[in-house]
């Protein structure tokens, strides 16, 4: 039995790649390609059962709400999901307990493992900082993946009873020490030539542990997107990240 | 109740650090410091219950045999433990089922996590290679940690049914592609200025995942050594690595 | 006045990119696209003044000889140029002093600067090693860029009167310490997900200096190729690398 | 003929190392070791000809002024020297044209080469960002070396007529994009386990060039300090960095 799939943001760089991947995947049927200006009703007219959203932070929540209201499952790759926004998604879902929404900051297997390892390592080190590096067309800083990683590290440190990280800085040029996300410092580098990269540095006396993911090609995200599309229908409620699917 | 500890290789750089750490640790009592030329019987005379061995690959197996024969538990940090050598230790232990031997290629928490993560990631990637980098006084290449990491990766790939890694090399200057350990390529860099470092690179289409550990100071190994000394007596038989103790 | 350009290896991955870049460049006219099976005489028939060769190490010297004999200037990007092969090119040119041949192991500006910096830094450090990392379809190891870098470092060390690098290795699994090129150790990593990367590590007591180049896209080589095509006619004899053109 | 040397900040970590290095160097005589609370007149009483200052940003300018007034040459390793502060030193020197002051953000040969290479590479790349990483006891962010590197890159870009770097960021958590120093983004990482490290990333379409320096030990700075002490007396006026001495 095939799954009928619609794509939101279908003309964007990621959206085009998703359309290609869905078309090529066994058991998935690409039934609607929607972008700015197209009516969302095209999704219901085409009978979409799962929608993939790679749009932008300004419209994604409205899209999710509309789909959930129609009983359509959603896979979201759009970035910008803070804890606050995830809470909004949970409340959208409260009245539709049978619908599944999967929000993933990153669909690359390497990125997913990076986040898992960061969460596992966090409690053993005094210090943890994140450096994410992307092409200069990116509009948000830090990236969604970096935000999620910081949240995971912060939660793991809190569980282990670790306090604040050591930092004697008192004379700082604004911004030098990065953004603070749940107490974790995040640095966003933007440079021509880059694609999507992230490094997490953990330190304790005498040693450091570094975990780094490099995406050189959007194609690296597609196995994860296809897996999410196949799974979201059988996971009612909110799922964050594709780790639970591995 | 304190544990009576002897150190073999006590005048070496690691041995001295171990003596210092054992002396400073609660519940451990440093009762014998042995080095080349000293009789092993000093260990039994001093009533050592656990011996820590940081000697060299030529003598370590004899040391372990002697200790096991006397019923003394052993923590081994000396490098060079291939699968073959580990099998020898297992057979030494066959007649003394109550004695514990713990052989660890690396006692730094970051290195232990690096190996754990490498084992976990291995099945998701087509390619995996190891680069280890050390100070130029090191006599063995690859390092014990790199050997162990390669074994773990190879075993994880085999379990997952992965075949050989892709490699079209046909025109090679001898040694360019590194040493082959259980089918995994390992590259050993030696440079002034370095201490002890290792990087594992995993690759699949469009992305790479890198895990790196940097030891800047021998002190980083001591928490792991002390933990091993405390635990080895209650773990009869052979234990490889300190992961099981975490 | 336009320059009439022929491309050898025109159907290969680099060759196709070169044809595209030459066609798009002001003042260059793509007059011949030759690959395996095509007669070289098509170059003279088309009146090519400069030929770009991205073929393979087995045929490149014959190609260069033929072009030089016809008085055609050549830009060579094919890898495998040892000192011995460069000497062969010089002797080919001896009888045709007006012809220019430019052999470059790498046309990316970042790679060219990397080699320049390596040459400049070499005399200040006790140790220097090269790690090059490429996609697994590459047939030669080490890469042409790594060979050239090793030669430059070795020459700079010799000029400064530096002796052998420190290295106490005595217990080595074959290949662990890499290939030796003019006394410089070179390590070749091959992994899916990679494109073309190189790192040079310099070390002296207490510090290391690392220079790294990452090529994510063949397009990065084209500005250098076009510059070489424009310049080679006014540089009789052999030129190695595009540094002299910057 | 020996040079009589005084050290300011003699009980600090760097100061102690400097005292040791000066005592051990041929032709240098350590005549005064001054720290907080000691009168500066001890320098003139001891006949110091050159003073080395590793104190802190709050007091260093007063120290330099006092020394210059007495006709004593000064080597300054204290950090925090913006263009504005360098201008203040120049004006202090205006009335004492025979006195030399050398201000260096970093005395390690690798760091000096890193800055030289950054300046040379800057004009060839669209993007350039600096990441500096230090132990968490450091009070200033960014480091003096990072500030100096940013100034050099900015000046080289301006000379080459390069405009602003590409950056589409519009949705930023405060500080994510780092500090802006003369238009160059600088990110300061602080972690236990680190010593002193800096990485400069240059990018242009399809490629990046990275230059990284790692200091593992304060000893790495001493050859540069000794060279500066020997040279400063014959370089009247302000010298910035030790590059001109190489």
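The values are calculated or read from the model by the stated rules, or taken from the named source; none is laboratory data. Note that this is a predicted model, so its numbers are computed, not measured. Counting neighbours? That spans all protein chains shown, and the Cβs are built from the backbone with ideal geometry, glycine included.
Things worth noting here:
- Only listed residue being surrounded by 15 or more Cβ atoms within 10 Å (Cβ to Cβ) and not in a strand (DSSP E or B), chosen from A:201, A:194, A:209, A:238: A:194
- With respect to being crowded, with 18+ Cβ neighbours inside 10 Å and either touching a residue at least 12 places away in the same chain (Cβ under 8 Å) or facing another protein chain (nearest Cβ under 7 Å) (or both), residue C:233 falls outside the description.
- Of the set (1) surrounded by 24 or more Cβ atoms within 10 Å (Cβ to Cβ); (2) in contact with a helix residue (DSSP H, G or I) (Cβ under 6 Å, 6 or more places away or on another chain), all apply to residue B:182 but (1).
- In the condition set (1) within 7 Å of another protein chain (Cβ to nearest Cβ); (2) more than 22 Å from the chain's Cα centre (by Cα), residue B:161 is compliant with all but (1).
- Of everything listed in (1) surrounded by fewer than 23 Cβ atoms within 10 Å (Cβ to Cβ); (2) more than 28 Å from residue B:196 (Cβ to Cβ); (3) in contact with a strand residue (DSSP E or B) (Cβ under 6 Å, 6 or more places away or on another chain), the single unmet condition for residue A:141 is (1).
- Identity of the residue in segment A:219-246, more than 21 Å from residue A:23 (Cβ to Cβ) and within 12 Å of the chain's Cα centre (by Cα), that ends up modelled with the lowest pLDDT: A:243
- Test: residue in segment C:155-169 that is touching a strand residue (DSSP E or B) at 6+ places or on another chain (Cβ under 9 Å), in contact (Cβ under 8 Å) with a residue 24 or more places away in the chain, within 23 Å of residue B:138 (Cβ to Cβ) and part of a helix (DSSP H, G or I): yes
- Flag for residue B:29 being surrounded by fewer than 15 Cβ atoms within 10 Å (Cβ to Cβ) and in contact with a helix residue (DSSP H, G or I) (Cβ under 9 Å, 6 or more places away or on another chain): no
- Scope segment B:53-71; condition closer than 16 Å to residue B:90 by Cβ and surrounded by 16 or more Cβ atoms within 10 Å (Cβ to Cβ); matching residues: B:60, B:61, B:64, B:67, B:68
- Restricting segment B:72-117 to residues that are part of a helix (DSSP H, G or I) and within 14 Å of chain C (Cβ to nearest Cβ), the residue that is farthest from residue B:223 (Cα to Cα): B:84
- Among the residues of segment C:121-147, those that are at the interface with another protein chain (Cβ under 7 Å from one of its Cβ atoms) and in a helix (DSSP H, G or I) comprise C:121, C:124.
- Residue list for segment D:47-65, restricted to those being part of a helix (DSSP H, G or I) and within 22 Å of residue D:28 (Cα to Cα): D:63, D:64
- Positions within segment B:170-179 being more than 29 Å from the chain's Cα centre (by Cα) and either assigned to a strand (DSSP E or B) or over 27 Å from residue C:181 (Cβ atoms) (or both), in sequence order: B:171, B:172
- Just one residue in the set C:119, C:199 is modelled with pLDDT of 95 or more and in contact with a helix residue (DSSP H, G or I) (Cβ under 6 Å, 6 or more places away or on another chain); that residue is C:119.
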